[in-house]
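Shown next, in structure tokens, is the structure this report addresses.
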Amino acid sequence: MKNLKVLVFALFTVLFLGFSHNSVEAHSPDLHEGVSGQDVTELQSTLQKLGYFHTTPTGYYGSITKEAVIQFQRDFNVPSTGFTGPLTRAKLSEVDMMARVVNGEARGESYTGQVAVAAVILNRMESSAFPSSTYNVVFQRNAFTAVNDGQYSLKPNSSAYQAVKAAVKGSDPSLGATYYYNPSGVTDTWIFSRTTITKIGKHVFAK
């Protein structure tokens, strides 16, 4: 019965959070200089966690926010428009998904360990053995414990966002790993068949 409850909760989490991300991406308005509101505040907060917005969020989209958006767009390979069109909103959603995984899977690990977890997501997207999109990698069945146990829903801190940023910009402490695990928490011994690449903190990274 306990396992059934966990499975039902995990399924609900995937469906609800997946719908939320897709809904936000589809219906959020373009944000640009001169507009204000809660959407701008949330954007500024995310940019602040990523290290682009260096003042208190105000909810007003001025020149400081525009420059922060441009810096984000440049680092994440989105056209540098200075406003949040569909491509930028989609990328912000992907960054948030990755940060939630990092926060849920590697909270308490070193920053290097967090970057390594983010890199594994990107490595999977590059591998023909895994889905090619952020959403499908993150929500692939039983891919990440944080999605199954609900930790994915926790609000990520700045460290998780910075780890994603570092990985996207090319840092990969996992050395190309597509798997990682905590030996003390393994429930499926199949993972031990993977070739170990490196160890960071409590995590073993493998291919």
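The values are calculated or read from the model by the stated rules, or taken from the named source; none is laboratory data. These numbers were taken from a predicted model, which means no experiment stands behind them. Please note: Cβ atoms are built from the backbone with ideal geometry, for glycine as well, and neighbour counts cover all protein chains shown. Side chains included, ligands, DNA and RNA excluded: accessible areas come from the protein's heavy atoms. Shrake-Rupley method; radii C 1.70, N 1.55, O 1.52, S 1.80 Å.
Among the residues of the range 73-84, is there at least one that is assigned to a helix (DSSP H, G or I), in contact with a Pro (Cβ under 8 Å, 6 or more places away or on another chain) and crowded, with 18+ Cβ neighbours inside 10 Å? Yes: the range 73-84 contains one or more residues that are assigned to a helix (DSSP H, G or I), in contact with a Pro (Cβ under 8 Å, 6 or more places away or on another chain) and crowded, with 18+ Cβ neighbours inside 10 Å. Against the numbered list (1) touching a strand residue (DSSP E or B) at 6+ places or on another chain (Cβ under 7 Å); (2) surrounded by fewer than 15 Cβ atoms within 10 Å (Cβ to Cβ); (3) not hydrophobic (A, V, I, L, M, F, W, C), Gly185 comes up short only at (1). Screening Gln114, Gln162 for residues that are outside any loop (DSSP other than H, G, I, E, B), of a type in the set (S, T, N, Q) and open to solvent by less than 30 Å² (accessible area, probe 1.4 Å) leaves exactly one candidate, Gln114.
What are the residues in the range 133-158 that are part of a helix (DSSP H, G or I), closer than 17 Å to Ser93 by Cα and open to solvent by 10 Å² or more (accessible area, probe 1.4 Å), if any? Once the filter is applied, which keeps residues that are part of a helix (DSSP H, G or I), closer than 17 Å to Ser93 by Cα and open to solvent by 10 Å² or more (accessible area, probe 1.4 Å), the range 133-158 yields Tyr135, Asn136, Ser153, Ser158. Just so you know, in the range 55-66 the residues that are in contact (Cβ under 8 Å) with a residue 12 or more places away in the chain and open to solvent by 10 Å² or more (accessible area, probe 1.4 Å) include one that is nearest to Val168 (Cα to Cα), and it is Lys66. From the list Phe130, Phe192, Phe139, Phe144, the one residue that fits, being in contact with an Asp or Glu (Cβ under 7 Å, 6 or more places away or on another chain) and of a type outside the set (Gly, Ala, Ser), is Phe144. Could you tell me whether Arg100 is among the charged types (D, E, K, R) and either touching a strand residue (DSSP E or B) at 6+ places or on another chain (Cβ under 7 Å) or open to solvent by less than 40 Å² (accessible area, probe 1.4 Å) (or both)? No. Taken over the range 25-54, the criterion of being within 27 Å of Ser171 (Cβ to Cβ) and either assigned to a helix (DSSP H, G or I) or in contact with a Cys (Cβ under 6 Å, 6 or more places away or on another chain) (or both) is satisfied by Glu25, Glu42, Leu43, Gln44, Ser45, Thr46, Leu47, Gln48, Lys49. Of the listed requirements (1) without any contact (Cβ under 8 Å) to a residue 60 or more places away in the chain; (2) among the hydrophobic types (A, V, I, L, M, F, W, C); (3) farther than 20 Å from Gly108 by Cα; (4) open to solvent by 30 Å² or more (accessible area, probe 1.4 Å), Val168 misses just one: (1). Apart from one condition, Ser193 fits all of (1) under 17 Å from Gly104 (Cβ atoms); (2) surrounded by fewer than 16 Cβ atoms within 10 Å (Cβ to Cβ); (3) at pLDDT below 95; the exception is (1). Does Asn103 satisfy the criteria of being over 10 Å from Ala163 (Cα atoms), in a helix (DSSP H, G or I) and touching a residue at least 12 places away in the same chain (Cβ under 8 Å)? In short, no.
Residues of the range 179-189 include none that is closer than 13 Å to Asp96 by Cβ, hydroxyl-bearing (Ser, Thr, Tyr) and in a helix (DSSP H, G or I).
Among the residues of the range 195-202, is there at least one that is without any contact (Cβ under 8 Å) to a residue 12 or more places away in the chain and of a type in the set (Ser, Thr, Tyr)? Yes, some residue in the range 195-202 is without any contact (Cβ under 8 Å) to a residue 12 or more places away in the chain and of a type in the set (Ser, Thr, Tyr).
Quickly run through the range 190-202 and pick out the residues that are assigned to a strand (DSSP E or B) and in contact with a helix residue (DSSP H, G or I) (Cβ under 6 Å, 6 or more places away or on another chain). Answer for the range 190-202, where residues must be assigned to a strand (DSSP E or B) and in contact with a helix residue (DSSP H, G or I) (Cβ under 6 Å, 6 or more places away or on another chain): just Ile200.
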